[in-house]
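A.B. asks: Pasting a structure below so you can have a look.
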Amino acid sequence: MNESLVTVQALTRVFDVSKPWLNRVLAREKRQTLTAVDSVDFSIERGSTYALVGESGSGKSTIAKMLVGLLSPTSGRVHIDGVDLANASAADISSTRKRIHMIFQDPYASLNPRWRVRDIVGEPIDAFMNVSATERAKKVDELLEKVGLSTKDGAKFPHEFSGGQRQRIGIARALASDPEFIVCDEPTSALDVSVQAQVLNLMRDLQRDLGLTYLFITHDLAVVRYMADHVGVLYLGRLIESAPRQQLFDSPAHPYTQMLIDAAPRVDGFGRDHEAVDGEIPDPISPPSGCHFHPRCKQRIDQCNQQVPTVQHADDRSVSCLLHSQGLNL
Ligand SMILES: Nc1ncnc2c1ncn2[C@@H]1O[C@H](COP(=O)(O)OP(=O)(O)OP(=O)(O)O)[C@@H](O)[C@H]1O
Ligand SMILES: [Mg+2]
């Protein structure tokens, strides 16, 4: 087994979602909190892709932001290549940050429209690397070619490109500081199906050529099937199942994972919407007691509304469900 590059332990993020003080006092309401990420554990092997999947509001982007340092955890730990991001020295944190980059969902919103592409792609070089103007220009040209754009594109502005090309610019920028770990938050969900496949192929090629490690966030199981080595399933902030891709699809352990797989389109293809999954996602401010999934679960038993299932591990799989409380029962 390869060694882990990223390890997340009991990662938790609570948001204060109270009304402003005066409104709260007048309405005689207490402070309200929302646990967006609840004690999540996983690790990502070097050079592999870990996909996080879950419905809207399950906490995927909140985890992504904590990994790249855009948001601090309420509690829990993130280790990247052995560096504990909460307790390391400033120097260790900054040298670790240089090796992590993020690709966002919306290639329109994440590129500064007033900058030329060469400055967008070159920004991380300026921020993290001490190189001459000539070396910087050479590096930007190499990056543009690496992602399938031309060196002439460097002089253009983002609006001159299609959605898929803009995401290529985002990828070039993410690669600029020679990162090892890239957090991809729904990088292709705003793209047309055929363009999506091209960008996913590019990302796979880059991973192979550069030895990259990906955390790949998506709600699309077809994309998970195509990209992931290992998959984590989130439900209302909790990681309810984690397994190697093939095992997850062949023998899902958690009823929620089963439901997602049943609801996914049968025909292979990217970007299709799921058929409606059963039931509504509950309000995350007052989630159901016990197992958060129990009101939607077809296999629930009496204890499910009182008891929070503990995580059961077997080999490189884990599941939190009372049906597996004596160990993984597949
Ligand atoms: N800054 C914030 N303040 C308050 N609540 C927040 C904040 N950011 C996220 N949340 C809440 O945390 C929960 C998880 O949000 P998050 O954006 O991580 O979900 P997600 O899985 O990325 O969803 P999507 O698929 O829609 O992108 C949601 O209920 C969201 O409303
Ligand atoms: Mg999100």
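The values are calculated or read from the model by the stated rules, or taken from the named source; none is laboratory data. Everything numeric here is computed off the predicted structure, so don't read it as measured data. No Cβ is skipped: glycine too gets one built from the backbone with ideal geometry, and neighbour counts run over all protein chains shown. Only protein heavy atoms, including side chains, enter the accessible area calculation; ligands, DNA and RNA are left aside. Shrake-Rupley method; radii C 1.70, N 1.55, O 1.52, S 1.80 Å.
A.B. asks: Take the conditions within 16 Å of ligand 2 (Cβ to nearest atom), buried (at least 21 other Cβ atoms within 10 Å of the Cβ) and in contact (Cβ under 8 Å) with a residue 60 or more places away in the chain and apply them to Val6. Does it pass? Can you show your working first?
C.D. replies: Numbers: within 16 Å of ligand 2 (Cβ to nearest atom): no; buried (at least 21 other Cβ atoms within 10 Å of the Cβ): yes; in contact (Cβ under 8 Å) with a residue 60 or more places away in the chain: yes.
Judged against the criteria, Val6 is not a match.
A.B. asks: If you go through segment 98-107 one residue at a time, how many are open to solvent by 40 Å² or more (accessible area, probe 1.4 Å) and within 19 Å of Ser189 (Cα to Cα)? Working first, answer last.
C.D. replies: Our first condition is that a residue be open to solvent by 40 Å² or more (accessible area, probe 1.4 Å); within segment 98-107, this holds for 98-99, 104-106.
Within this subset, residues satisfying the condition of being within 19 Å of Ser189 (Cα to Cα) are 104-106.
Residues that pass the stated criteria total 3.
A.B. asks: Quick one: would you say Ser110 is open to solvent by less than 50 Å² (accessible area, probe 1.4 Å), part of a loop (DSSP other than H, G, I, E, B) and at pLDDT 90 or above? Working first, answer last.
C.D. replies: Values: open to solvent by less than 50 Å² (accessible area, probe 1.4 Å): yes; part of a loop (DSSP other than H, G, I, E, B): yes; at pLDDT 90 or above: no.
In short, no.
A.B. asks: A further question follows. Looking at segment 177-200, which of the residues that are of a type outside the set (Val, Ile, Thr) and part of a strand (DSSP E or B) is farthest from Ser58 (Cα to Cα)?
C.D. replies: Keep residues of segment 177-200 that are of a type outside the set (Val, Ile, Thr), which gives 177-181, 184-187, 189-192, 194, 196-198, 200.
Still in the running and part of a strand (DSSP E or B): 181, 184-185.
Working: Phe181: 22, Cys184: 16, Asp185: 13 Å.
The qualifying residue farthest from Ser58 (Cα to Cα) is Phe181.
A.B. asks: Restricting the search to segment 56-70, which residues are on the phi < 0 side of the Ramachandran plot and either in contact with a Leu (Cβ under 8 Å, 6 or more places away or on another chain) or more than 8 Å from ligand 1 (Cβ to nearest atom) (or both)?
C.D. replies: Initially, segment 56-70 is screened for residues on the phi < 0 side of the Ramachandran plot, giving 56, 58, 60-68, 70.
Correct list: Ser58, Lys60, Thr62, Ile63, Ala64, Lys65, Met66, Leu67, Val68, Leu70.
A.B. asks: Give the residue, chosen from Arg13, Arg46, Arg24, that is more than 28 Å from Gln258 (Cβ to Cβ), of a type in the set (Lys, Arg) and in contact (Cβ under 8 Å) with a residue 60 or more places away in the chain. Steps first, please.
C.D. replies: Numbers: Arg13 fails: more than 28 Å from Gln258 (Cβ to Cβ); Arg24 fails: in contact (Cβ under 8 Å) with a residue 60 or more places away in the chain.
On inspection, the qualifying residue turns out to be Arg46.
For (1) within 16 Å of ligand 2 (Cβ to nearest atom); (2) not aromatic (Phe, Trp, Tyr), each residue gets a yes or a no:
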residue	(1), (2)
Tyr226	no, no
Gly232	yes, yes
Arg245	no, yes
Ala253	no, yes
Ile261	no, yes
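A.B. asks: Under the condition of being under 15 Å from the mean Cα position of the chain (by Cα) and of a type in the set (Lys, Arg), which residue from segment 32-83 is nearest to ligand 2 (Cβ to nearest atom)?
C.D. replies: Of everything passing the filter in segment 32-83, Lys60 is nearest to ligand 2 (Cβ to nearest atom).
A.B. asks: Would you point out which residue out of Thr134, Thr96 is part of a helix (DSSP H, G or I), within 21 Å of the chain's Cα centre (by Cα) and of a type in the set (Ser, Thr, Tyr)? Please lay out each step first, then the result.
C.D. replies: On the way: Thr134 fails: within 21 Å of the chain's Cα centre (by Cα).
Sole residue among the options that is part of a helix (DSSP H, G or I), within 21 Å of the chain's Cα centre (by Cα) and of a type in the set (Ser, Thr, Tyr): Thr96.
A.B. asks: Could we say that Thr74 is open to solvent by 60 Å² or more (accessible area, probe 1.4 Å) and within 16 Å of ligand 1 (Cβ to nearest atom) here?
C.D. replies: Numbers: open to solvent by 60 Å² or more (accessible area, probe 1.4 Å): yes; within 16 Å of ligand 1 (Cβ to nearest atom): yes.
In short, yes.
A.B. asks: For Val83, state whether it is open to solvent by 70 Å² or more (accessible area, probe 1.4 Å), away from ligand 1 (no atom under 16 Å from the Cβ) and among the β-branched types (Val, Ile, Thr). Give the steps one after another, and end with the answer.
C.D. replies: Working: open to solvent by 70 Å² or more (accessible area, probe 1.4 Å): no; away from ligand 1 (no atom under 16 Å from the Cβ): yes; among the β-branched types (Val, Ile, Thr): yes.
So Val83 fails the test.
A.B. asks: Test Val131 against the criterion of being open to solvent by less than 50 Å² (accessible area, probe 1.4 Å) and on the phi < 0 side of the Ramachandran plot, and give yes or no. Reasoning before the result, please.
C.D. replies: On the way: open to solvent by less than 50 Å² (accessible area, probe 1.4 Å): no; on the phi < 0 side of the Ramachandran plot: yes.
For Val131, the condition - open to solvent by less than 50 Å² (accessible area, probe 1.4 Å) and on the phi < 0 side of the Ramachandran plot - is not met.
A.B. asks: Next question. Just to be sure I understand the filter: pairs with C-beta atoms under 7 Å, separated by 6 or more residues or on different chains, first member in segment 129-145 and farther than 20 Å from Lys98 by Cβ, second member surrounded by fewer than 17 Cβ atoms within 10 Å (Cβ to Cβ). Which pairs pass?
C.D. replies: Asp141/Thr151; Leu144/Ser150; Leu144/Thr151; Glu145/Thr151
A.B. asks: Counting just the residues of segment 171-190 that are within 15 Å of the chain's Cα centre (by Cα) and among the polar types (S, T, N, Q), which one comes out nearest to ligand 1 (Cβ to nearest atom)?
C.D. replies: Going through the qualifying residues, I end up with Ser189.
A.B. asks: Evaluate the following for Val193: is it more than 16 Å from ligand 1 (Cβ to nearest atom), open to solvent by 60 Å² or more (accessible area, probe 1.4 Å) and closer than 16 Å to Asp220 by Cβ? Let's see the steps before the verdict.
C.D. replies: Numbers: more than 16 Å from ligand 1 (Cβ to nearest atom): yes; open to solvent by 60 Å² or more (accessible area, probe 1.4 Å): yes; closer than 16 Å to Asp220 by Cβ: yes.
It is true that Val193 is more than 16 Å from ligand 1 (Cβ to nearest atom), open to solvent by 60 Å² or more (accessible area, probe 1.4 Å) and closer than 16 Å to Asp220 by Cβ.
A.B. asks: Something else now. Can you pull out the residues in segment 10-55 that are open to solvent by 50 Å² or more (accessible area, probe 1.4 Å), more than 16 Å from ligand 1 (Cβ to nearest atom) and modelled with pLDDT of 95 or more?
C.D. replies: Asp41, Ser43, Glu45, Arg46
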